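Here the structure is laid out as C-alpha cells; the discussion comes afterwards.
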2 protein chains.
Amino acid sequence: MILYDMIKAPNPRRVRMFVAEKSSEIFAQLERREIDIPGGANLTPQFLAINPRGVVPTLVLDDGTVIDESIAICRYFEEIYPEPNLMGSTPVEKALIESAQRQMELEGLYAIAAVFRNSAPQFADRALPGTSPSFAQSIDYVERGTAQTQHYFAALNQRLKDRSFIAGDRFTIADITAFIAVGFARWVKLGPAPDHENTHRWLAQVKQRPSALA
Amino acid sequence: MILYDMIKAPNPRRVRMFVAEKSSEIFAQLERREIDIPGGANLTPQFLAINPRGVVPTLVLDDGTVIDESIAICRYFEEIYPEPNLMGSTPVEKALIESAQRQMELEGLYAIAAVFRNSAPQFADRALPGTSPSFAQSIDYVERGTAQTQHYFAALNQRLKDRSFIAGDRFTIADITAFIAVGFARWVKLGPAPDHENTHRWLAQVKQRPSALA
C-alpha cells in the first residue's frame with residue numbers, strides 16, 4: 001500500500017501518528033509519497049487521477065482501492081492491526097471515543113483550519129481543501145475560528161481536569177486529534193493558555209510517546 | 001435508555017433513521033424526549049445538567065452514560081444491533097463507508113447547516129450549535145455554504161452515476177446522511193437540480209424505505 005502524505009500538514013500527521021502507535025515496525029513498513037499541497041501537487045492531473053477529490057492523506061491499497069479521509073484511513077489500520085486498541089473495545093467505549101474524537105475535530109482542528117486557510121498567503125484563493133470550490137479568504141472565518149479555538153482550549157483544559165487522556169484513562173485516537181490540533185494552532189499563533197495546567201500535563205505526557213515524532 | 005431528540009432537526013433524524021433501519025421493533029422501543037432547540041430548551045440548566053455541551057441528539061444509557069454526536073450514537077446502535085449492517089463488515093468496507101459518510105457530512109450537511117444557522121431568524125445570535133460561543137450571523141458563511149452545497153449536489157449526482165447507493169451497492173449510514181442533507185437543504189431553498197437524474201433515482205428508492213418516515 002502507498003500513503004500519499006505531506007509531512008508538515010496536520011491531517012496526514014494524524015494517520016502517521018496512528019500507525020506509529022500500532023508499532024514502529026508497521027510504521028517503518030509504510031510506503032509514503034510526499035505531496036506538496038501549498039505548491040498545488042494535490043491538484044495536478046497525476047494526483048487527481050489517483051484521487052479525484054485532491055485530498056491528502058490518501059491511502060492506496062495493493063489492489064488499487066483508494067481510501068481517503070484521515071479517520072477512515074485510521075479505521076482501516078485499526079481493523080487490520082487491532083492492537084494496541086485506539087478506537088474502543090466495547091460498544092460504549094467505541095461510541096465515547098468516537099464522540100470525543102469528533103469533538104476534538106469539529107471544535108478544535110476544523111476551527112484552527114478555518115483560521116489558517118482564511119489567512120495564510122499560500123491559500124489566498126483556496127480557502128477550502130482539495131477540489132472544493134475556490135473562495136477568497138474571509139475575515140469572518142478568521143474571527144469566528146479564533147474565538148472557537150480559544151473556547152476549544154478552555155474546554156480542553158476542563159475536560160482534562162478529571163481524566164488522564166481525552167476520552168478517559170488511556171491514550172486513543174481522540175488524543176491524536178487533540179495533540180495535532182495543539183501543534184496546528186501554533187501556525188496561527190493560538191494555543192492553550194499558560195494557566196491551562198491540565199492541558200500542559202497531558203501535552204507533556206503525549207510528547208514523550210515515540211509516535212509524537214511520526 | 002433515553003434519546004433526547006428533536007423531531008424536525010436533521011442530526012437527531014440521522015439517529016432515528018439509523019435505528020429504524022435496524023428494525024421497527026427496536027425503533028418503537030426507543031424512549032424519546034423532545035427538546036425544542038429553536039426555543040432554547042437545549043440550553044436550559046435542566047438539559048445542560050444532562051449534557052453540558054447542550055447538543056441534541058444525546059443518548060443516555062440506563063447506567064447514566066451520556067453519548068452525544070450523531071455518528072457516535074449510531075456506532076453504539078451498530079455495535080449492540082449488528083444486523084442489518086450499516087457501517088461495514090470488512091476492514092476495507094468499514095473504511096470506505098466511513099469515508100463516504102464523512103464526505104456527505106463535511107461537504108453536504110455542514111455546508112447546508114452553515115447557510116441555515118447564518119440566515120434563519122431564530123438563530124440570529126446562535127450561528128453555532130449548543131454552548132459554542134455566540135456569533136452574529138455572517139453573509140460570508142451563507143454565500144460560501146451555498147456554493148459548497150451546489151458543488152455537493154453536482155458531486156452527489158456524479159457519485160451515483162455508477163453506484164446504486166452512496167458507498168456502493170447497498171444502503172449504509174452514508175445514505176442516511178445524504179438523504180437527510182437533501183431534506184435539510186430544502187429549508188434554505190437548495191437541492192439537487194432537476195437534471196440530476198442519478199440523484200432523483202436514488203432519492204425515490206430511499207424514500208420508499210420505512211425508515212424515511214422515522
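The values are calculated or read from the model by the stated rules, or taken from the named source; none is laboratory data. Please read these numbers as outputs of a predicted model, since none were measured by experiment. Note: ideal-geometry Cβ built from the backbone for every residue, glycine included; neighbour counts use all protein chains shown. Protein only, heavy atoms only, side chains kept; ligands, DNA and RNA dropped before computing areas. Shrake-Rupley method; radii C 1.70, N 1.55, O 1.52, S 1.80 Å.
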Could you give every pair whose Cβ atoms fall below 6 Å, whose first residue belongs to the range B:42-53 and is without any contact (Cβ under 8 Å) to a residue 60 or more places away in the chain, and whose second residue is surrounded by 14 or more Cβ atoms within 10 Å (Cβ to Cβ), counting only separations of at least 6 or pairs across chains?
B:Asn51/B:Thr58; B:Asn51/B:Val66; B:Asn51/B:Asp68
The range A:1-27, subset open to solvent by 10 Å² or more (accessible area, probe 1.4 Å), in contact (Cβ under 8 Å) with a residue 24 or more places away in the chain and of a type in the set (Lys, Arg), residue farthest from A:Phe77 (Cα to Cα)
A:Arg13
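Filter the range B:57-77 for residues that are in contact (Cβ under 8 Å) with a residue 24 or more places away in the chain and either over 11 Å from B:Val15 (Cβ atoms) or open to solvent by 20 Å² or more (accessible area, probe 1.4 Å) (or both) and give the result. Reasoning before the result, please.
Going residue by residue through the range B:57-77, those that are in contact (Cβ under 8 Å) with a residue 24 or more places away in the chain are B:57-62, B:70-71, B:73-74, B:77.
Matches in the range B:57-77: B:Val60, B:Leu61, B:Asp62.
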Taking the criterion of being of a type in the set (Phe, Trp, Tyr) and within 20 Å of the chain's Cα centre (by Cα), would at least one residue in the range B:39-61 satisfy it?
no
Evaluate the range A:175-197: report whether one residue or more is away from chain B (no Cβ under 14 Å), farther than 28 Å from A:Ala72 by Cβ, surrounded by fewer than 17 Cβ atoms within 10 Å (Cβ to Cβ) and within 20 Å of the chain's Cα centre (by Cα).
yes
Suppose we filter B:Arg102, B:Arg144 for residues that are touching a residue at least 24 places away in the same chain (Cβ under 8 Å), of a type in the set (D, E, K, R), at the interface with another protein chain (Cβ under 9 Å from one of its Cβ atoms) and open to solvent by less than 50 Å² (accessible area, probe 1.4 Å); which single one remains?
B:Arg144
A:Ile37 is checked against (1) more than 11 Å from every other protein chain (Cβ to nearest Cβ); (2) on the phi > 0 side of the Ramachandran plot; (3) buried (at least 21 other Cβ atoms within 10 Å of the Cβ) and fails just one. What number does that condition carry?
(2)
For residues in the range A:121-133 being open to solvent by less than 30 Å² (accessible area, probe 1.4 Å) and either in contact (Cβ under 8 Å) with a residue 60 or more places away in the chain or not in a loop (DSSP other than H, G, I, E, B) (or both), which is farthest from the other protein chains (Cβ to nearest Cβ)?
A:Phe123
